[in-house]
2 protein chains.
Amino acid sequence: MIDDLAEPSAAEFDLPRVLAALADRHRLAIVQFVDPHGESWCSRVMQDAGLEMSKSTFSHHLRILRLAGIVTKRHEGTKGYMGLRKDDLDSRFPGLIGSILSADVEAVR
Amino acid sequence: MIDDLAEPSAAEFDLPRVLAALADRHRLAIVQFVDPHGESWCSRVMQDAGLEMSKSTFSHHLRILRLAGIVTKRHEGTKGYMGLRKDDLDSRFPGLIGSILSADVEAVR
């Protein structure tokens with residue numbers, strides 16, 4: 001599967017962009033779901049995180065998260081897997097992602 | 001001076017709104033300037049934080065920060081003073097504002 005989305009290196013992370021990517025209830029739910037589950041099959045995240053949205057809306061959110069450097073996507077056969085870039089985020093903005101992952105966010109359902 | 005902007009209580013803070021308010025290079029510069037200086041005269045922040053913007057643009061940014069609960073504004077005579085609500089933010093989202101205040105943000109000048 002071809003995927004030409006350029007995920008930034010940690011050195012390229014931009015704080016306003018990271019914050020904007022996380023400033024959305026649905027994207028927070030995605031990130032908070034993937035954190036305890038580890039690298040996850042994208043379709044499973046969409047279903048199990050309780051997000052009521054179309055596949056294209058989910059792809060849109062995933063794209064914003066990837067462009068900001070918050071998640072990475074890996075392809076295996078026809079499946080896509082997403083993982084949280086916690087170490088990269090922590091190396092640039094120590095403590096930030098941890099505080100966001102442990103925050104109480106109102107349910108999106 | 002009349003000011004009817006309703007600043008939220010800490011219990012009313014909304015994480016996506018807080019992150020969106022901080023997802024801007026100029027608003028980050030305001031917050032990172034006020035942090036070490038303590039409660040600051042708004043006009044001084046506008047001048048000394050090196051923000052090249054009109055008074056109305058500054059007011060717009062201040063309004064977004066206040067509505068999210070990040071700063072509070074107090075009037076004394078004809079002057080307005082702004083202060084960072086660090087304790088309130090820490091009580092709701094432990095570690096978040098500290099990690100953002102200590103982050104390296106590219107210069108806005």
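Of note:
- Cβ-derived FRET efficiency at R0 30 Å, A:S102 paired with B:S9, nearest 0.05: 0.90
- Contact order relative to length of chain B, as percent, for alpha carbon pairs under 8 angstrom and 6 or more apart: 35 percent
- Total charge dipole magnitude, segment A:53-109, about the Cα centre, Cβ charges on Lys, Arg, Asp, Glu only, Debye to nearest 20: 340 debye
- Rounded to the nearest 20, the size of the Cβ-charge dipole of chain B about its Cα centre is 240 debye, with Lys and Arg at +1 and Asp and Glu at -1.
- 3J(HN,Hα) along segment B:32-48, derived from phi through the Karplus expression 6.51 cos²θ - 1.76 cosθ + 1.60 where θ = phi - 60°, amounts to 5, 7, 5, 3, x, 8, x, 3, 10, 5, 4, 4, 5, 4, 4, 6, 7 Hz, with x in place of Gly and Pro.
- Least to most buried among B:S40, A:S9, B:S99 (fewest other Cβ within 10 Å first): A:S9, B:S99, B:S40
- Each copy carries a label point for A:W41 at 7 Å from Cα along the beta-carbon vector; from one copy to the others these points are 6.4 nm apart, nearest first.
- Calculated over the protein assembly as shown: convex hull of Cα atoms, volume per residue (Å³): 132 Å³
- Over chain A: Rg over Rh, Cα atoms, Kirkwood Rh: 0.93
Bear in mind that the values in this text are calculations on the coordinates, not laboratory data. Worth saying up front: this structure is predicted, and the values here are computed from it rather than measured. Note that each Cβ is placed from the backbone with ideal geometry, even for glycine, and that neighbours are counted across all protein chains shown.
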